[in-house]
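Okay, so here's the structure we're looking at.
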Amino acid sequence: MKNFALSLFVMFFAAAVFAQEFREISVKDYRDKMKGGWIGQIAGVCWGAPTEFKWKDKIIPEDKMPVWKPEMINEAFGQDDLYVEMTFLRSLEEYGLDVSIRQAGIDFANSEYNLWCANAAGRKNLRAGIAPPDSSHPKFNKCPNDIDYQIEADFSGLIAPGMPNVSIALGQKFGRLMNYGDGVYGGIFVGGMYAEAFFETDILKIIDAGLKCIPSDSQYAEMVRDVVAWYKANPDDWEATWNLCQKKYREAPEYQKASNGGIDVKINGAYILIGMLFGKGDLDKTIIISTRCGQDSDCNPSNAAGVLFTTLGFSKLPPRFTEKLDETKKFSFTAYTVPELLDVCEKLARQFVIREGGQIKKDASGNEVFVIPVKKPVPPKLELSWDPGPIANSLFTEEERAKIRFKGFRKIEDAVAALLPGWSVKNCGPDMDPGMREQYRGKKNVIMTHPLNREVPCALERRIDVPANKKTVLKAVVSNHQEFDWELVIRVNGSVQKTVTIDKELTKGGWAEVDFDLTPFAGSSVQVELENKANGWMCEAGYWSKIAVE
């Protein structure tokens, strides 16, 4: 009887093993397609960048669409569409596949780039000690359905070829740093499409694979089904589908709950799909259509092109997208050049293949091959941003908070009053969380300011009584934000006296002292303003360690 039972067990076990399906892709082909996916992201964001949010709820006129030039491919290294998701890759690289969501939150809190919308809200919460998943909960984050994780989710599919559940898990970890509900599902959907694009070229099947990764009763899933149905009903008129999307997903109140206007994940996700479907496999047409849909018109073609380019692989891309690529340049705020980025993605993909129950074998020619088990996607449970579940009461411990470099911010006015006595601040913009930095580039208790906007600088000001018959010099010890610069403008009684570009050549990775002679104003009381003025509108933070009158 025991032998019979054992035989049955062996027979059933063998049948289960035999029933398991596997997909195979050579490591060489995986790397080629993964590189193609990155280049698609780069091409899409660079091509669409000049149009971003210039056309809201309007189709971009055909004659306003930028013309692609091969040199444009190198304009992506400073794009947040790319370097933010590389923060998540770095967390996986440094702490392993099972990096905790709390450690991921600490790493994101320590990022130094400019952020907006859900990203900015989530990071601000993290820096204030609100740990994930509460950092994205609608109680604390007013942008839960924004596009942010959708923009950044490409990595989750590029390191998970044929492994949709990996993309889902990564979305539940990294997407919950800043998004909730549909905001997370948009990113998981994108990641699922990438995972399938390594093995499938049919756009409808790729979209269906992404759809299977998210809750079917979510509004995002409803949007996907709608766009596909509208395409099938009228496959040669993308503007007709755009109009249907506008009517339902921008104008109907039912689909504006927890929406933040044109940055909402559903409408921008629809524009990704419109480009992919009506582009019909044409690289240029896919990007152009997705861009011309408007709103976040560089992020959406980046996602659309990333998926499509993955299906082809880098080696099959037209030279106009590859010939001018500078593979020696690092992406801003990251440790990665293009080859280094590919290496870390391959490293993580290898680990995921093994952990998912696959293997890495060698074929008859000695080439490595990923053998990947086919698994049914298991979507996360439905969460609604306008009717959220309870908070997790998740706070960072004191030990965890000690790892966050930007903790303990105070209001910028209080910080300036405490650290720069006698000075006051005006027109400080909210970008990059201005305030006190406990440490920056080797100096402690630093003030960070940011211009209000492109035209209006932030200013530190005070009235100074310049003594008579005595040399008086104003000294400011200042720094910039890594690769980016800003203009220090010194005004006396409203008149510009001196302008200095605070850049990496001047600060040399540290600090620079800027002196201004006040002696010509001897014997008078003057109003002095030190302006942190924008110079290109990319990470225009001004850092101030000391301002003294000597």
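The values are calculated or read from the model by the stated rules, or taken from the named source; none is laboratory data. It should be emphasised that the depicted structure is a prediction, and the values quoted were computed from it without experimental measurement. Virtual Cβ from ideal backbone geometry, glycine too; neighbours counted across all protein chains shown. For accessibility, only protein heavy atoms count, side chains too; no ligands or nucleic acids. Shrake-Rupley method; radii C 1.70, N 1.55, O 1.52, S 1.80 Å.
Here the stretch 390-454 is treated as a sphere whose radius is the Kirkwood value from Cα pairs; by Stokes-Einstein at 10 °C and 1.306 mPa s it diffuses with a coefficient of 119 µm²/s. Between the amide H of Gly542 and those of Thr449, His450, distances stay under 5 Å, these residues lying 5 or more places away or on another chain, with hydrogens modeled in the peptide plane.
Of all accessible surface on the chain at a 1.4 Å probe, what whole percent is carbon and sulfur? Numbers along the way, then the final one.
Numbers: 11670 of 22540 Å².
Solvent-exposed carbon and sulfur of the chain make up 52 percent of the total.
Here the contact order of the chain, divided by its residue count and restricted to Cα pairs under 8 Å and six or more residues apart, works out to 18 percent. Relative to the compact-globule estimate of 2.2 N^0.38 Å, the Cα radius of gyration of the stretch 182-314 comes out at 0.95. Per-residue SASA remark: Ser315, around 90 Å² accessible (1.4 Å probe; ligands, DNA and RNA not included).
DSSP loop (so not H, G, I, E, B), at most 16 other Cβ within 10 Å: list which trypsin sites (Lys or Arg not before Pro) in the stretch 400-460 pass both filters. Mind showing how you got there, number by number?
Values: sites: Arg401, Lys403, Arg405, Lys407, Arg410, Lys411, Lys426, Arg437, Arg441, Lys443, Lys444, Arg454; in loops: Lys403, Arg405, Lys407, Arg410, Lys411, Arg441, Arg454.
Within the stretch 400-460, the qualifying trypsin sites (Lys or Arg not before Pro) (loop, at most 16 other Cβ atoms within 10 Å) are Lys403, Arg405, Arg410, Lys411, Arg441, Arg454.
With all pairs of different C-alpha atoms in the average, the Kirkwood value for the hydrodynamic radius of the stretch 92-164 is 13.2 Å.
Accessible surface for Glu455 stands near 140 Å², nearest 10, in the context of the full protein assembly shown (1.4 Å probe).
Based only on Cα atoms, what Rg/Rh ratio does the stretch 250-338 have, Rh being taken as Kirkwood's radius? Provide the component values of the computation, followed by the final result.
Numbers: Rg = 15.8 Å, Rh = 14.7 Å.
With Rg and the Kirkwood Rh in hand, the quotient comes to 1.07.
From the convex hull of the Cα coordinates of the stretch 219-264, what is the mean projected area in square nanometres? Mind dumping the intermediate values first?
Numbers: hull surface 12.6 nm².
Here the figure is 3.1 nm², rounded to one decimal.
For the stretch 90-167, trypsin sites (Lys or Arg not before Pro) are listed when DSSP marks them as loop and at most 10 other Cβ atoms sit within 10 Å of their Cβ; the list is empty.
Leaving out ligands and nucleic acids, note down the accessible area per residue over the chain with a 1.4 angstrom probe, in whole Å². All intermediate terms of the calculation are to be shown ahead of the outcome.
On the way: 22540 Å² over 550 residues.
It amounts to 41 Å² per residue over the chain.
The Rg/Rh ratio for the stretch 346-396 is 1.29, where Rg is the radius of gyration of the alpha carbons and Rh is the Kirkwood radius.
Report Rg(Cα)/(2.2 N^0.38 Å) for the stretch 407-550, keeping two decimals.
Details: Rg = 14.5 Å, N = 144, 2.2 N^0.38 = 14.5 Å.
Dividing the Cα radius of gyration by 2.2 N^0.38 Å gives 0.99.
Distance distribution P(r), the stretch 287-361, all Cα-Cα pairs, bin width 5 angstrom from 0: 3, 12, 13, 18, 23, 16, 10, 4, 1, 0 percent. Across the stretch 178-193, coupling constants 3J(HN,Hα) worked out from phi with the 6.51/-1.76/1.60 Karplus curve, θ = phi - 60°, read 9, 10, 8, x, 4, x, 7, 4, x, x, 4, 4, 4, x, x, 5 Hz, and Gly and Pro carry x. Computed over the stretch 415-493, the convex hull of the alpha-carbon atoms projects to a mean area of 6.5 nm². Each residue of the stretch 288-298 is assigned a 3J(HN,Hα), and the resulting list reads 4, 5, 4, 5, 5, 5, x, 6, 7, 8, 10 Hz, derived from the Karplus form 6.51 cos²θ - 1.76 cosθ + 1.60 (θ = phi - 60°), x at Gly and Pro.
Highest-first packing order for the peptide set 40-47, 307-314, 466-473 is 40-47, 307-314, 466-473, based on the mean count of other beta carbon atoms within 10 Å. Packing here is the average count of other Cβ atoms within 10 Å per residue, and on that basis the peptides 103-111, 285-293, 256-264, highest first, run 285-293, 103-111, 256-264.
Mean sequence separation of contacting Cα pairs (under 8 Å, at least six apart), scaled by the length of the stretch 393-550, corresponds to a relative contact order of 28 percent. Scanning residues 5 or more positions from Phe370 or on other chains, those with amide H under 5 Å from its amide H are Ile25, Ser26, Val27, with H placed 1.01 Å from N in the peptide plane.
So how do Glu483, Glu540 rank on accessible area, 1.4 Å probe, biggest first, that is with the largest at the start? Numbers along the way, then the final one.
Numbers: Glu483 90, Glu540 0 Å².
Greatest to least solvent exposure: Glu483, Glu540.
The lysines within cross-link reach of Lys139, meaning a Cα-to-Cα straight distance under 24 Å and a gap of 8 or more places when in the same chain, are Lys124, Lys173, Lys257, Lys266, Lys381, Lys407, Lys411.
Ordering Phe278, Phe199 by accessible surface, largest first, gives Phe199, Phe278; the 1.4 Å probe counts only protein heavy atoms, with every chain in place.
Ignoring everything except DSSP H segments at least 4 long, calculate the 222 nm mean residue ellipticity for the chain; use -39,500 (n - 2.57) per segment, divide by total residues, nearest 500. Numbers along the way, then the final one.
Details: 19 runs with 222 residues, N = 550.
Here the helix-only value at 222 nm equals -12500 deg cm²/dmol.
Here the Karplus curve 6.51 cos²θ - 1.76 cosθ + 1.60, taken at θ = phi - 60°, turns the phi angles of the stretch 340-356 into couplings of 5, 5, 4, 5, 5, 5, 5, 4, 5, 4, 4, 5, 5, 4, 5, 5, 7 Hz, with x standing for Gly and Pro. Among the GluC sites (Glu not before Pro) in the stretch 288-346, those placed in a DSSP loop whose Cβ has at most 13 other Cβ atoms within 10 Å are Glu323, Glu327. Largest to smallest in accessible area, the residues Trp116, Trp68 fall in the order Trp116, Trp68 (1.4 Å probe, all protein chains included).
When the alpha-carbon atoms of the chain are used, the pair Rg, Dmax equals 26.2, 111 angstrom. Legend: translational diffusion of the stretch 467-550 by Stokes-Einstein, Rh = Kirkwood radius over C-alpha pairs, 20 °C, 1.002 mPa s; D = 160 µm²/s.
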